[in-house]
Structures are given as structure tokens and as C-alpha cells.
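Report on the following structure.
The values are calculated or read from the model by the stated rules, or taken from the named source; none is laboratory data. Please read these numbers as outputs of a predicted model, since none were measured by experiment. Cβ: placed from backbone, ideal geometry, glycine included. Neighbour counts: every protein chain shown. Ligands, DNA and RNA are stripped out before the accessible areas are found, and what is left, the full protein with its side chains, is counted by its heavy atoms. Shrake-Rupley method; radii C 1.70, N 1.55, O 1.52, S 1.80 Å.
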Amino acid sequence: MDQMRTTTAPELPASPREHLTADTTRAVLRIQHHMLAAARDHLTEQGCTEVLLPVIGPVTDPGARGAKQVDVDYYGHRYKLMTSAILYKQATLTTFDRIFCIAPNVRLEPLETANTSRHLAEFHQIDVELAGASRSEAMAVAEGTVRAMARRVAERARAELDVLGRDADAFADLLAERFEARTHAAAVGELTGIGHPQNPDAEIDWQGEALLSAKASRPFFVTDYPKGSRGFYDRENPEQPGRLRNFDLLAPEGYGELASGGEREHDYGTIIARMRETGENPAKYRWYLDMVRAGIPASAGFGLGLERVTRYLAGVDHAWQATGFPKVPGVVAP
């Protein structure tokens, strides 16, 4: 399907009750229930142990582009609400070799993201981390998780898909063939070729992601992002200096990014150097760096946006339709 999603997202409901009692909300959340059950089953089959990670801490993921972190007073100490549990995922690999969690995250996204249809200020991720894994292994687990969720929805949520006007056959390509991959450089070249200016040293911008997404019939990966575009924890490719061993997963039909992941830096000296390159103060990360110095496993992992995948599989227009109590950037809500 080579078509941008141009449907105007519905207005936010007048009240929580109006949203929660709507037939569409009930159908979307029932679909999400099946997705979560399928993800848990699949990841458990992959040898992962489900864990619960903190929602506040002295530091959080510094790599969330453009979003502000939220400070909280923790008994006189300035703590952060988690924008991502990446540091805690790495630390927990000292307990289990393969882990996953369903983690809440809070990011005060820029106001302009209220119009992207896929950003929320409060959302959930299916977070996975695999000790000793390569990028390709993490990509395979991410692909398998999305396929397991789509298969479960197609098999058990047809009535809900009917309510939403979503054809279960929309997942035929997703379930039939492996996901393709292209490099960040190739994606930049493709966007430039269709007249969309894209900085080759930066993340693919939101409009660019939507343009690439609209040309696809099943999810696909973008790999090898430039070093300066991500946080200090993404591992640099030793064979391609300046490029990271990471990836994004994009949905088709114009839905855009679903997940980000990659191989992790785990060497103490390298992490300190990367922190300084990105303007981070290593002193803020003392607990994490103490663990790195003592030794944490090499790993690869990803965070899969639950509301984003729900939006795609359910075929709804906006990520806020994929949660019972939506927090749209800039909109005050319960």
C-alpha cells in the first residue's frame, strides 16, 4: 500500500466515561488484551523471564529525542520518572540471561507531536533484553513478538476487528514473509529521491518515517543509525566507525515507528567516553556505572511501543485510542 494515512484523527472524548464506554474503546482494549497475552507467551517461549522494573530512579534514558524528563521529589532527592527502563534492563541481566517487562513510561513530548497521531506523554513498552545476543538475534525476537501478536488478534479478535472496520487479511503479508531491513543511509537516499529532505546524520524525522511506512505492506527494519543520533548505550559498530549496531522497526500503511533497539555498550571506559561525547555527566549515573565496572553482560534488546502496535493492529487513527486514560502531549487529562 503506497498511501499516506490522511484520515483526520477523531477528537478526544469529552470525558473519561465517554471514552471508556465507547464500543470502539472496548474493541481496541480487547485486542490489546490478546496482544499482551500473545507477547507474554512468545517471549516466555524464547526463554525470557518477566520482571518488574522501577518507574522512578536517579536517572533515566537520556536518548528520548526532544522529550523532557519529569522530576519527582524522592525524600529530598531529585529522581526521574522513567522515559525508558534501558539502564535497569541491562543491570537485571546480572540476575537472568533473558528478560522482558511491560513498562510504563512518561515523556513530555514536544507540543508538535500532538499532531503525529502516534505520540503520547504516558505510554507502555514491551521491553526485552537478551544477554550475549547480537542485533540480528534481537531483531528476530522483535519480529517474532509482533507476528505472534498479529496472529493472536487475527485468530481470536475478529469480532472486535469487525467493530473497528479492520480486515484481518491486512496481516497476511506480515504473517507470510520475513520482515525486510534497510540501512539508515539507504532510507535517507530513498527519502531524498522522493523529494523529502532528510539529514543523513540524524534520526529519520517523523514525516520521513510516515513516508517510508506508507510504501510498505508489512513491518520493516531500519538499521545502522549514525552515532550522534542515539544515546550512549547503543553500541558503535567497530567495523563501521560512526555507525551504531541498532535498529528501528516501522509498521506499514503509514503507521510509522513501532520499536527501537540494538546491541548495548557494556565496557566501562567506552561508556564513559560516549557519555562525555553526548554531553552527559557520568557522576549522575553512579549506580549504573558501578555495576558496569563490576561487570554486566554484553546484550541486545529493544522496546516495543504497546499503544503504537495496538494502533496498527486495530487500524485506528491515533495512539490515544489504544489506552483507557490517554495523555496526549499538551492536553491536560485525568
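Glu18 versus Asp317, label points 7 Å from Cα toward the beta carbon: distance in nm?
Between Glu18 and Asp317, the label points sit 1.5 nm apart.
Could you order peptides 269-281, 78-90 by the average number of other Cβ atoms within 10 Å of their residues, highest first?
78-90, 269-281
Consider all pairwise Cα distances in the range 15-76 and report the whole-number % of them above 20 Å.
62
For the chain, list log₁₀ I(q)/I(0) at each q in 0.07 Å⁻¹, using the Debye formula over Cα point scatterers of equal strength and ignoring solvent, two decimals each.
-0.27
Express in whole angstrom the spacing between the alpha-carbon centres of the range 184-221 and the range 141-173.
Computed from Cα coordinates, the inter-centre distance equals 25 Å.
Beyond 23 Å, how much of the Cα-Cα pair distribution for the range 19-165 remains, as a whole percent?
49
With label points built 7 Å along Cα→Cβ from the Cα atoms of Ala140 and Asp73, find their separation and express it in nm.
5.1
Please state, rounded to one decimal and in Å, the Kirkwood hydrodynamic radius that the range 204-266 gives when every pair of distinct Cα atoms enters the mean of 1/r. Spell out each step's value before the answer.
Numbers: mean 1/r = 0.0826 Å⁻¹.
Mean inverse Cα-Cα distance, inverted, gives 12.1 Å.
In whole Hz and in residue order, list the ³J(HN,Hα) couplings for the range 183-188 that follow from phi through the Karplus curve 6.51 cos²θ - 1.76 cosθ + 1.60, θ = phi - 60°; x for Gly and Pro.
Karplus values, whole Hz, x for Gly and Pro: 7, 4, 4, 5, 5, 4.
Within the range 175-269, list the GluC sites (Glu not before Pro) lying in a DSSP loop whose Cβ has at most 16 other Cβ atoms in a 10 Å radius. Mind dumping the intermediate values first?
Values: sites: Glu177, Glu180, Glu190, Glu203, Glu209, Glu236, Glu239, Glu253, Glu257, Glu263, Glu265; in loops: Glu177, Glu203, Glu239, Glu253, Glu265.
Here the sparse-neighbourhood loop sites are Glu177, Glu239.
With viscosity set to 1.002 mPa s at 20 °C, what whole-number translational diffusion coefficient in µm²/s follows for the range 176-334 from Stokes-Einstein and a Kirkwood radius over Cα pairs? Kindly include the intermediate steps, with their values, before the conclusion.
Working: Rh = 17.5 Å.
Estimated via Stokes-Einstein, D reaches 123 µm²/s.
Please say if the range 109-207 is rounded, prolate or oblate, where rounded means a/c under 1.5 for a ≥ b ≥ c the square roots of the C-alpha gyration tensor eigenvalues, and otherwise the choice is prolate for a/b larger than b/c and oblate otherwise?
Prolate shape, in that a/c is at least 1.5 and a/b is the bigger ratio.
Would you mind working out the accessible area per residue for the chain, using a 1.4 Å probe, and quoting it in Å²?
Ligands and nucleic acids excluded, the figure is 44 Å² per residue.
Can you give the % of DSSP beta bridges in the chain that are antiparallel, to the nearest 5?
Counting DSSP beta bridges with both partners in the chain, the antiparallel share is about 85 percent.
When the Kirkwood hydrodynamic radius is evaluated over all pairs of different C-alpha atoms of the range 255-334, what value in angstrom, to one decimal, is obtained?
15.8
Going highest first, how would you order 154-164, 309-319, 92-102 by mean Cβ packing within 10 Å?
Result, highest mean Cβ count within 10 Å first: 309-319, 92-102, 154-164.
Between the range 14-71 and the range 75-116, how far is it from one alpha carbon centroid to the other, in angstrom?
Cα centroid to Cα centroid, the span is 11 Å.
Beyond a 25 Å Cα-Cα separation, which of these cross-linked pairs lie in this structure: Lys68/Lys215; Lys68/Lys89; Lys227/Lys284; Lys89/Lys215? The partial results should precede the final answer.
Values: Lys68/Lys215 32 Å; Lys68/Lys89 21 Å; Lys227/Lys284 22 Å; Lys89/Lys215 34 Å.
Beyond 25 Å: Lys68/Lys215; Lys89/Lys215.
Describe numerically, in nm with one decimal, the distance between label points set 7 Å from Cα along Cα→Cβ at Thr278 and at Thr44.
Simple spin-label model gives 3.4 nm for this pair.
Using all Cα-Cα distances in the range 85-128, what percent lands in each 5 angstrom bin from 0 up to the longest?
The calculated distribution, bin by bin, is 5, 19, 23, 17, 13, 11, 7, 4, 0.
How many Å³ per residue does the convex hull of the Cα positions in the range 44-130 occupy? The partial results should precede the final answer.
Details: hull volume 8.9 nm³, N = 87.
So the per-residue Cα hull volume is 102 Å³.
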